[in-house]
Each structure stands twice: as C-alpha cells, then as structure tokens.
Amino acid sequence: MTTVSPTPDTTPLKSTITTAKPAEAPSPPPAMRLRELAFGAAVAAAVRAAARLRVADALDETPAFAAELALVVDTEPAPLRRLLRALCCYGIFSETPEGKFVHTEMSRLLREDDPNSLRYISLWCTEPWTWDVWPRLEDAVRSGTTVFPETFGKGFFEYLHQDAGESAQVFNRAMTTSSVQSARDVAELLDLTGVSSVADIGGGQGHVLASLLEKHPSVQGTLMDLPGVVARADARLRDGGELADRVRIVPGDCREEIPVGVDLYVIKNILEWDDESTRRTLRNVVEAARPGARVVIIENLVDDTPSMRFTTAMDLLLLLNVGGAKHTRESLVSRLSEAGLRVGEISPVNAYLHAFECRVP
Ligand SMILES: C[S@@+](CC[C@H](N)C(=O)[O-])C[C@H]1O[C@@H](n2cnc3c(N)ncnc32)[C@H](O)[C@@H]1O
C-alpha cells in the first residue's frame, strides 16, 4: 500500500512478502454449483470493481485490513471488505486469520504494473456495453446474428469509436497487453528469410509489427487499422520513433480495401467477426497481394485451447457484439481456402495461438 493512516481497529502491520495460495475448497454439490454459476455476473462485477478501484495496486507486500485499503482507494471500509471477501472465495486475494488481506497469484494479475497484468483484459471483458448485450444471448442464439445494431443502433466498432471513447481505450490497452505478451512469440516463430516488407492488417497499435521490425532491421513495415486506432500507434512506429523510418501507417477499413503491397501479410485475431467481413478482408488481401505473397493468419482456436471456459465465453461475446465466432481449425481453413489462399503449415505460436501459413496463388 502506498499511504496508510492508522485506524483504531488495526494491529501493527507485519512486513512480510505474502502471496497466499487459496485453500482448496471442496467441490460444491451440483445444486450449489449451478446456483453459483447462475450468479456469475456477481463475480464479473466484483472483478471489475476491484480493477476499477485499483485495489490490487493499493495492496503491496504488507497484509492490510480493508479499512486501511479503503483509505487508499477512497471507498467505504465495510463494503470494500465485502467486495474482498467475495473475491477471496474465488482465489482473488486471500484473508489471513486476523482479517487482513494479502495477494494471491490471481490478485497480483489485477495490478497494472504486473508484467503479465490482466487489469485491462478484466475491464474489457466487463465493459458497460457487455452488460447490455448478455441478456440478449437468447435472441442471438435464436437468430445466429449480432444483437449490437438493435441494441445500440450501430455496429460494434462504430459504437466503440464514436460513442464509447473510454471503452475504446480500454479495448486498445487490453489488446496492447495481450499483443505485447504474444508479439515476442510471433516474432520468434515467423521466419522472415527472403521477406523485405511485412504488413500487419488490423494490427492494432502495432506491437506485433514493432517486434518483427526490431528483430529484422532490414525489413520495412506497414500497420493498417481503423483511423482511431492507428492514431494511437506504438510510439516506436510514429514520427520520431526509432522504427518510424521503416514504417508506413495506413488508416482504413480492411473490409473496404487493403492498399498495401508487401511480401508478408500478418492478420492476427481479427477474423473472428462475421463471415462477410472475413470474406471481404481475405478477398482484399488476395487482390492486393502479388502472386506468391505470404499471408499468415494467427488466431485462438476454440477446438485447440488450454482454456475452453475462457475461449467459449469469448466466442459467445463475439456472437453478441460482431456476429462473429472463434474458429475451429477446420472453419478457418475453409474460410482461407474459399478466399483462394493455399493453406500450408499450421503451427502453435504459444499455448493459445495458432499460425496458419498461406500463399497467394
Ligand atoms: C482483436 S483486435 C487484434 C489486434 C491485433 N491484431 C492483435 O492481435 O493484437 C482486432 C483489431 O481489428 C481492428 N479492426 C476492426 N475492424 C477493422 C476494420 N474494418 N479495418 C481494419 N481494422 C479493423 C480493431 O481496431 C482491432 O485493432
């Protein structure tokens, strides 16, 4: 904790580094488990509240009472204690026998400064708009399409960039966190022998591109994404950045046109939207690329993941917001082949991602 004013109910703080392992709770009987699952929104809301309040950032290596933390994060002490108690049930924070709170491995991941921080991912998964679309899952399952235009009067990305600036920033930061963590793996995997130019289409703020350019000093790079996203591109790629003289930034909609001619196109985690957008994007790549160009598609696969609960939840959210889906190996190969790409090797990038090596005929 950064600043703590002593309160009457505190005992002296021990100065110990403590990461508690949550006690193994016995598995509840099915009737209780189902009740817990039906109340899953409460857990998501509690994670969001803790992330927004920065409780994990406020708690350092010293066990602390809720009242002490409340002073730092500016809340009422009793409800903060209730929030922490709820989170402790899921192994996010732990309570000592004397009633102080300590970090667990999971609560540490809510800290913004943790090298593997999931703070922005946690916020992203629980953004305000998600609470408007989840109740309409039944409709989406009936119709098989997004409920976003009916709920918000426009498509998801339009809404995000025109009406939900804060959410758009959370999205960009969440993507950046996961990109920074996977960019190294992508740069490690991709052999750029014979490649002098690479483009990342829907490349977000350009972390994957920057990692590739850093590793390959003679390669030129192009970053394409929506205007609002590339405007906040990684500082290394923007004017004055150390990679800027090898970078072209292309703001635009890849479903309309991809005005980029390069040796290698990387498309990572964007073909999860509706099929028409996937078709148009792949068609635009095939039209823009010269014969023989390489196209590497990188995706999380729903049929080959260590985390089916997370991936299937994201799959449902994609149905709701963009009418999209996480791919299976087969569904992705079929979309790529339909677009006229020759699909080659499929290799794991890391535990969560797979790369599909393709060629333009
Ligand atoms: C899930 S993120 C993936 C970002 C990045 N490729 C990565 O793996 O970190 C999807 C990206 O697609 C971009 N995007 C969405 N619609 C787009 C469009 N029509 N044209 C270009 N990019 C788009 C989003 O702005 C976002 O950066």
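The values are calculated or read from the model by the stated rules, or taken from the named source; none is laboratory data. Nothing here was measured: the structure is a model prediction, and the numbers come from that model. Every residue, glycine among them, receives a Cβ derived from its backbone with ideal geometry; neighbour counts consider all protein chains shown. Accessible surface areas use protein heavy atoms only, side chains included; no ligands, DNA or RNA. Shrake-Rupley method; radii C 1.70, N 1.55, O 1.52, S 1.80 Å.
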Regarding Leu190, is this residue modelled with pLDDT of 95 or more and either hydroxyl-bearing (Ser, Thr, Tyr) or surrounded by 21 or more Cβ atoms within 10 Å (Cβ to Cβ) (or both)?
yes
Is there a residue in segment 327-342 that is within 11 Å of the ligand (Cβ to nearest atom), open to solvent by less than 50 Å² (accessible area, probe 1.4 Å) and within 21 Å of the chain's Cα centre (by Cα)?
no
For segment 254-276, indicate whether the set of residues that are small (Gly, Ala, Ser) and either closer than 24 Å to Ala325 by Cα or surrounded by 15 or more Cβ atoms within 10 Å (Cβ to Cβ) (or both) is non-empty.
no
Test: Ala244 is out of contact with any Cys (no Cβ under 7 Å at 6 or more places or on another chain) and surrounded by fewer than 21 Cβ atoms within 10 Å (Cβ to Cβ)
yes
Hits in segment 73-90 - residues which are farther than 19 Å from Asp57 by Cβ and in contact with a strand residue (DSSP E or B) (Cβ under 9 Å, 6 or more places away or on another chain)
Arg85
Say whether the condition of being within 11 Å of the ligand (Cβ to nearest atom) and among the β-branched types (Val, Ile, Thr) is met by at least one residue in segment 150-160.
no
Residue under evaluation Asp234, criteria (1) at pLDDT below 95; (2) farther than 23 Å from Glu299 by Cα, criterion not met:
(2)
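Residues of segment 161-175 being touching a Phe, Trp or Tyr at 6+ places or on another chain (Cβ under 7 Å) and within 12 Å of the ligand (Cβ to nearest atom), which ones? Quick ask: steps written out before the conclusion?
Pass one, segment 161-175, residues touching a Phe, Trp or Tyr at 6+ places or on another chain (Cβ under 7 Å): 164, 167, 170-171, 173-174.
Within segment 161-175, Phe171, Arg173, Ala174 meet the criteria.
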Boolean, Ser143 is of a type in the set (Ser, Thr, Tyr) and within 9 Å of the ligand (Cβ to nearest atom):
no
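Residue-by-condition table, conditions (1) among the hydroxyl-bearing types (Ser, Thr, Tyr); (2) more than 8 Å from the ligand (Cβ to nearest atom):
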position: Thr177; (1), (2): yes, yes
position: Gln181; (1), (2): no, yes
position: Ala199; (1), (2): no, yes
position: His207; (1), (2): no, no
position: Lys215; (1), (2): no, yes
position: Gln220; (1), (2): no, yes
What's the total number of residues in segment 222-261 that are assigned to a helix (DSSP H, G or I) and within 11 Å of the ligand (Cβ to nearest atom)?
4
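Does segment 305-323 hold any residues that are in a helix (DSSP H, G or I) and either under 13 Å from Leu137 (Cα atoms) or open to solvent by less than 30 Å² (accessible area, probe 1.4 Å) (or both), and which are they? Please lay out each step first, then the result.
Taking segment 305-323 as the starting set, the residues that turn out to be in a helix (DSSP H, G or I) are 308-322.
The answer is Thr311, Ala313, Met314, Asp315, Leu316, Leu317, Leu318, Leu319, Leu320, Asn321, Val322.
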In segment 91-115, the residues that are within 12 Å of Asp60 (Cβ to Cβ) and exposed (fewer than 14 other Cβ atoms within 10 Å of the Cβ):
Asp113
If we scan segment 295-302, do we find a residue that is more than 23 Å from Phe171 (Cβ to Cβ) and either surrounded by fewer than 21 Cβ atoms within 10 Å (Cβ to Cβ) or not small (Gly, Ala, Ser) (or both)?
yes
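Let's see how each residue does on (1) assigned to a helix (DSSP H, G or I); (2) open to solvent by less than 90 Å² (accessible area, probe 1.4 Å):
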| residue | (1), (2) |
| --- | --- |
| Ala46 | yes, yes |
| Arg52 | yes, no |
| Glu61 | no, yes |
| Ala67 | yes, yes |
| Val72 | yes, yes |
| Pro79 | yes, yes |
| Leu83 | yes, yes |
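Regarding segment 263-286, can at least one residue be identified that is among the small types (Gly, Ala, Ser) and either touching a His at 6+ places or on another chain (Cβ under 8 Å) or more than 12 Å from the ligand (Cβ to nearest atom) (or both)?
Going through segment 263-286, the residues among the small types (Gly, Ala, Ser) turn out to be 277.
Checking which are either touching a His at 6+ places or on another chain (Cβ under 8 Å) or more than 12 Å from the ligand (Cβ to nearest atom) (or both) leaves us with none.
No.
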Complete set of residues in segment 164-201 that are small (Gly, Ala, Ser) and under 14 Å from the mean Cα position of the chain (by Cα):
Ser167, Ala168, Ala174, Ser178, Ser179, Ser182, Ala183
Show the residue pairs that are 6+ apart or on different chains and have beta-carbon atoms under 9 Å apart, the first residue being within segment 141-157 and assigned to a helix (DSSP H, G or I), the second being of a type in the set (Lys, Arg).
Phe148/Lys154; Glu150/Arg136; Thr151/Arg136
